[in-house]
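For reference, the structure is listed below as structure tokens.
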Amino acid sequence: MKLLFVTLFPGLIEDNFSHSILQRGRETGLIEVITVDPRDFTTDRHRTVDDAPFGGGAGMVLKPEPFLDAVGKAKALLPGAPVILLSPDGCQFDQGQACALAKEAGLIFVCGHYEGFDERIKKSADAVFSIGDYVLTGGELPAMVMSDAICRLVPGVLGKLESTEEESFTGGILEYPQYTRPASMQEGGVPEVLLSGDHAKIARWRRKEALRKTMENRPELLRAAKLRDGDGKLLLEIINEQNEEG
């Protein structure tokens with residue numbers, strides 16, 4: 001997958017892809033990272049990319065000319081790649097969208113800064129995304145969050161596809177609790193079922209605990225989750241257990 005970032009801070013992007021799984025993805029050729037700096041498309045000696053907003057107000061707004069020219073360059077480098085702009089007023093990014101975008105051959109991320117984009121820049125985007133209801137200093141962090149979630153779904157990046165199949169939000173619910181050695185500690189032991197070697201019982205326990213965690217921590221996810229046959233029975237068991245404890 002080819003990822004192109006229109007950014008005023010190329011170093012942030014390069015550093016993000018220089019560690020761990022994303023670095024290995026680049027080294028194996030599964031991920032290619034390109035940056036385009038809008039400052040390279042300015043015409044004044046100060047390489048100005050922002051200006052005061054019409055109508056007054058605090059802060060500075062990103063100018064349309066250098067950003068639109070940078071997006072044009074990006075489209076020429078990655079023809080047909082969707083242009084994704086990061087903004088607080090965008091659609092909330094989630095795992096389902098990560099899965100869909102992971103099927104693309106390339107993606108273009110447009111990262112803002114300061115008080116935001118001149119509205120005409122947004123017209124160049126195919127989609128506008130947000131990663132949450134809060135404000136950050138720039139679009140690089142949201143772009144890196146999105147690209148991380150997307151890249152790990154590209155076949156071969158994680159090594160084993162199974163690594164992503166039972167993660168949180170895959171299928172709409174949270175992941176079951178995980179344990180490793182030692183089996184016994186002062187802080188508690190490992191559930192006996194995980195030590196039993198009975199794969200059917202382990203699978204049932206994991207599914208039930210995933211449903212339990214979702215019900216307790218993110219109940220709204222269950223309304224849209226892709227439930228499996230038998231999940232209704234497991235949910236009823238969980239409710240009965242909660243009633244007994246309460």
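Considering only residues in region 223-241 that are at pLDDT 95 or above and farther than 17 Å from A203 by Cα, the one that is least open to solvent (accessible area, probe 1.4 Å) turns out to be E241. Select from region 205-229 the residues that are in contact (Cβ under 8 Å) with a residue 12 or more places away in the chain and of a type outside the set (A, V, I, L, M) and list them in ascending order. Once the filter is applied, which keeps residues that are in contact (Cβ under 8 Å) with a residue 12 or more places away in the chain and of a type outside the set (A, V, I, L, M), region 205-229 yields W205, R206, R207, K208, E209, R212, K213, T214, N217, R218, K226, R228. Only residues that are loosely packed, with under 12 Cβ neighbours inside 10 Å and in a helix (DSSP H, G or I) were counted in region 178-202, giving 3.
Tell me, which residue of region 109-127 that is open to solvent by 40 Å² or more (accessible area, probe 1.4 Å) and closer than 23 Å to Q97 by Cα is modelled with the lowest pLDDT? It comes out as K123. Return the residue satisfying two criteria in turn: it lies in region 87-104 and is among the charged types (D, E, K, R) and touching a residue at least 60 places away in the same chain (Cβ under 8 Å), and of such residues it is surrounded by the fewest Cβ atoms within 10 Å (Cβ to Cβ). Checking each candidate, the answer is D94. Checking the stated criteria, Y134 turns out not to satisfy the condition of being touching a helix residue (DSSP H, G or I) at 6+ places or on another chain (Cβ under 8 Å), at negative phi and either open to solvent by less than 20 Å² (accessible area, probe 1.4 Å) or not hydrophobic (A, V, I, L, M, F, W, C) (or both).
Looking across D89, D44, D40, D69, one residue alone is of a type outside the set (S, T, Y) and farther than 20 Å from I108 by Cβ. It is D44.
Taking (1) part of a loop (DSSP other than H, G, I, E, B); (2) modelled with pLDDT under 95; (3) open to solvent by less than 20 Å² (accessible area, probe 1.4 Å) in turn, T164 satisfies each apart from (1). Selection of region 27-42 for residues being out of contact with any Phe, Trp or Tyr (no Cβ under 6 Å at 6 or more places or on another chain) and not β-branched (V, I, T) yields E27, G29, L30, E32, D37, R39, D40, F41. Considering only residues that are part of a helix (DSSP H, G or I), more than 21 Å from the chain's Cα centre (by Cα) and either on the phi > 0 side of the Ramachandran plot or without any contact (Cβ under 8 Å) to a residue 24 or more places away in the chain (or both), which ones fall in region 1-50? Within region 1-50, just E27 meets the criteria.
The values are calculated or read from the model by the stated rules, or taken from the named source; none is laboratory data. The model shown is predicted, which means the values in this text are computed figures rather than measured ones. Ideal geometry is used to build each Cβ from the backbone, glycine not excepted, and the neighbour counts take in all protein chains shown. Just the protein is used for accessible areas: all its heavy atoms, side chains included, with ligands, DNA and RNA removed. Shrake-Rupley method; radii C 1.70, N 1.55, O 1.52, S 1.80 Å.
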